[in-house]
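Report on one structure; see the data block that follows.
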Amino acid sequence: MKVLVTGGLGYIGSHTVVELLNDNYEVVVIDNLYNSNIGVVDKIKTITGKEFGFYQEDVCNLEALEKIFSENKIDAVIHFAGYKAVGESVKKPIMYYENNIVSTLHLCQKMIEHGCMNLIFSSSATVYGDPERLPITEDCRVGGTTNPYGTSKLMIEQMLKDIVVANPDFHVIALRYFNPIGAHTSGLIGEVPNGIPNNLMPYIVRVASGELEILSIFGDDYDTPDGTGVRDYIHVVDLAKGHLKALEKITNFNGMHFYNLGTGVGYSVLDLVKAFERVNGVKVPYKIVERRPGDIASCYSDPSLAYKDLDWKAEYGLDEMMRDSYNFILKYNDK
Ligand code: NAD
Ligand code: UDP
């Protein structure tokens, strides 16, 4: 089976390509290197000992897609390519809507033209906005997104539903990721630093490695056990494996399906800091500051539908996530 992975050199994409190759899928990657670098190709080959096809192209480019689908008999697509920085999306909404939406529309157009009818889409827990209840099940209300990035995911989910109605043979699974962290145990691939991080885990590792001075914890007066924000952190390798499970099952269902990929366990910011310090034996200095606008108190999944339908559940715990996140950044800085 040949799988096209868009954004396959990025953080989640690269880990998924590794799992696909390890499971003997044929893989073709399209990535324009907007948020990744070409060195990841060799790193994936080193980890897996396998070859795969690579096109340095933009998914918005119809001609490039035409070439890829003509040159390869693609059976399924996993669509990771997109912009993902929440804060940047507020400042550059046109750029975010254009890239995330046009890439998906053009991809679907070419898939259908070439009879490739299986799509797995990277959605996000952000589509639930401020969740109506916890833990979050897939039938919880969606909407109330607070930034163009989140709204683009919601719009794409809606677009895909409409495309499936018009093309009943088109199978779509939207995977709603919770908070992916960690890295491959080899330390060769992970979330590559790019400026000052907005997300918690990349910030913690950079404080621990001495690149940043102190972690600012955004509020300790939330209605949570210790007052800091609670999220459902999931090891990126577990997340990657979820895509393989979705791929195995995608032709079993008609239409469009949504699955939460999380552990089902919520941890606070302070839980993460303490676990990181304990597992890695380093201090993470922090200070409490104002809440970050747009943040919600708690967000964690009920992942039982993915277990029931896809036979997938997360295996790694918080300690492995802390260990592998730090291992990657130490190796990355050391090279
Ligand atoms: P990433 O930025 O590391 O990877 C995305 C990859 O896509 C990059 O390699 C980038 O160069 C590429 N890309 C972007 N636009 C492209 C285009 N038009 N054509 C070709 N390549 C393009 O991001 P990630 O963390 O791996 O996330 C992958 C997907 O999962 C994204 O769609 C993201 O929105 C979604 N997601 C991520 C998270 C998270 O916390 N990381 C959470 C929920 C959902
Ligand atoms: N957070 C924090 N300091 C930071 C970054 C994040 O205290 O420098 C908190 C944030 O308020 C939230 C949690 O960590 O409660 C996770 O934030 P992240 O941005 O990683 O994920 P998201 O909020 O998008 O789920």
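Observations on the structure shown:
- Any hit, the range 138-161, residues being aromatic (Phe, Trp, Tyr) and touching a Phe, Trp or Tyr at 6+ places or on another chain (Cβ under 8 Å): yes
- Hey, residue 7 at positive phi and either of a type in the set (Gly, Ala, Ser) or within 16 Å of ligand 2 (Cβ to nearest atom) (or both) or not: yes
- Within the range 34-47, residues that are on the phi > 0 side of the Ramachandran plot have Cβ atoms under 8 Å from residues that are assigned to a helix (DSSP H, G or I) in no pair, counting only partners at least 6 apart in sequence or on another chain.
- Residue that is away from ligand 2 (no atom under 14 Å from the Cβ), of a type in the set (Gly, Ala, Ser), more than 20 Å from the chain's Cα centre (by Cα) and under 30 Å from residue 169 (Cβ atoms), where the choices are 242, 255, 281: 255
- Residues located in the range 1-27, provided they are closer than 20 Å to residue 177 by Cα and part of a loop (DSSP other than H, G, I, E, B): 7, 8, 9, 10
- Pairs where the first residue, in the range 220-232, is within 22 Å of residue 181 (Cα to Cα) and the second is at pLDDT below 95 and surrounded by fewer than 16 Cβ atoms within 10 Å (Cβ to Cβ), C-beta under 7 Å, 6+ apart: 229/295
- Flag if residue 310 is surrounded by fewer than 18 Cβ atoms within 10 Å (Cβ to Cβ) and touching a Phe, Trp or Tyr at 6+ places or on another chain (Cβ under 9 Å): no
- Residue within the range 183-204 that is among the aromatic types (Phe, Trp, Tyr) and over 12 Å from the mean Cα position of the chain (by Cα) present: yes
- Residue in the range 217-233 that is under 17 Å from residue 275 (Cβ atoms), more than 9 Å from ligand 2 (Cβ to nearest atom) and not β-branched (Val, Ile, Thr) present: yes
- Test: residue in the range 282-296 that is of a type in the set (A, V, I, L, M), within 16 Å of ligand 1 (Cβ to nearest atom) and surrounded by 20 or more Cβ atoms within 10 Å (Cβ to Cβ): no
- Hits in the range 174-186 (condition: within 16 Å of ligand 1 (Cβ to nearest atom) and closer than 20 Å to residue 14 by Cβ): 175, 177, 178, 179, 180, 181, 182, 183, 184
- Enumeration of residues in the range 137-194 that are among the charged types (D, E, K, R) and either in contact with a strand residue (DSSP E or B) (Cβ under 7 Å, 6 or more places away or on another chain) or surrounded by fewer than 16 Cβ atoms within 10 Å (Cβ to Cβ) (or both): 138, 139, 141, 153, 157, 161, 162, 169, 176
- Residues in the range 40-55 that are among the charged types (D, E, K, R) and more than 16 Å from ligand 1 (Cβ to nearest atom): 45, 50, 51.
The values are calculated or read from the model by the stated rules, or taken from the named source; none is laboratory data. As the structure is a prediction and not an experimental result, all values here were calculated from the model. Cβ atoms come from the backbone with ideal geometry, glycine included; neighbour counts cover every protein chain shown.
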